[in-house]
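The values are calculated or read from the model by the stated rules, or taken from the named source; none is laboratory data. Just so it is clear, the model here is predicted, and its values are computed rather than measured. Note: ideal-geometry Cβ built from the backbone for every residue, glycine included; neighbour counts use all protein chains shown.
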Amino acid sequence: MARLPYLDKSDLAPEHQDLLARNINLFRAMAHSPHGARAFSGLGQFIRTKSRLDPRLREMAILQVGYLTRSVYEYTHHIKIGRTFGVSDEDIRAIAAETAGKPTGLDALSKAVLRAAREITQGFAASDETFAALRASLDHERLTDLVLVISFYNAVVRFLATMQIDNEPEYQNLLAEFPLPGSG
């Protein structure tokens with residue numbers, strides 16, 4: 001159960017009701033700080049709509065962060081979102097395999113993106129080797145955007161965990177298909 005009540009549009013001043021255009025629990029909790037929610041949403045919108053990073057790679061990085069941190073909310077939401085951006089079921093399964101050090105059929109860039117997400121999430125920075133692998137395939141803008149994505153979603157999962165945000169029921173079934181470690 002969330003540590004703060006979820007807000008509805010009617011709970012917000014008219015100038016902040018747009019914050020709940022997407023009525024999900026994350027935003028309903030974050031709306032307690034309308035200006036913070038607006039700033040958060042601004043970076044999220046850049047990542048989703050203006051970044052030149054390949055959307056499939058972006059979603060793979062986000063899924064890796066969610067998987068590592070065992071964030072049911074982030075992981076299940078981005079399974080659904082990722083599918084709309086070209087993430088296949090095999091890609092999602094490969095995240096678990098790559099995390100366990102098992103071989104996958106992923107291309108070298110996808111593997112490097114996942115490795116960067118693991119290193120930044122677990123050790124706070126990508127290694128020189130991983131950064132060099134990314135730099136060989138991504139220009140400076142896309143490489144910077146990738147680090148922003150991984151860093152931003154590490155912040156998101158920490159907000160979700162600290163505020164104990166409940167996952168919406170329509171996302172729960174995705175855990176049966178793509179379980180998190182220790183969830184089965």
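Here are the numbers for the structure shown:
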{"read-out": "Test: residue in segment 140-147 that is outside any loop (DSSP other than H, G, I, E, B), more than 25 Å from residue 28 (Cβ to Cβ) and of a type in the set (Asp, Glu)", "value": "yes"}
{"read-out": "Verdict on residue 8 being surrounded by fewer than 21 Cβ atoms within 10 Å (Cβ to Cβ), farther than 27 Å from residue 142 by Cβ and either modelled with pLDDT of 95 or more or touching a strand residue (DSSP E or B) at 6+ places or on another chain (Cβ under 7 Å) (or both)", "value": "yes"}
{"read-out": "Residue among 48, 22 that is surrounded by fewer than 16 Cβ atoms within 10 Å (Cβ to Cβ), within 20 Å of residue 146 (Cα to Cα), basic (Lys, Arg) and free of Cβ contacts under 8 Å to residues at least 40 places away in the same chain", "value": "48"}
{"read-out": "Answer residue from segment 25-38, given it is closer than 19 Å to residue 73 by Cβ and surrounded by fewer than 18 Cβ atoms within 10 Å (Cβ to Cβ) and is nearest to the chain's Cα centre (by Cα) among those", "value": "25"}
{"read-out": "Hey, residue 105 loosely packed, with under 15 Cβ neighbours inside 10 Å and not assigned by TED's automatic domain parsing to the domain that holds residue 171 or not", "value": "no"}
{"read-out": "Complete set of residues in segment 95-122 that are free of Cβ contacts under 8 Å to residues at least 12 places away in the same chain and of a type outside the set (Asp, Glu)", "value": "97, 100, 101, 102, 103, 104"}
{"read-out": "Helices (runs of 4 or more DSSP H) lying entirely in segment 24-93 (those with 2 or more residues that are more than 30 Å from residue 104 (Cα to Cα) and in contact with a helix residue (DSSP H, G or I) (Cβ under 7 Å, 6 or more places away or on another chain))", "value": "25-30, 34-45"}
{"read-out": "Residue that is of a type outside the set (Ser, Thr, Tyr), without any contact (Cβ under 8 Å) to a residue 24 or more places away in the chain and assigned to a loop (DSSP other than H, G, I, E, B), where the choices are 136, 132, 125, 176", "value": "125"}
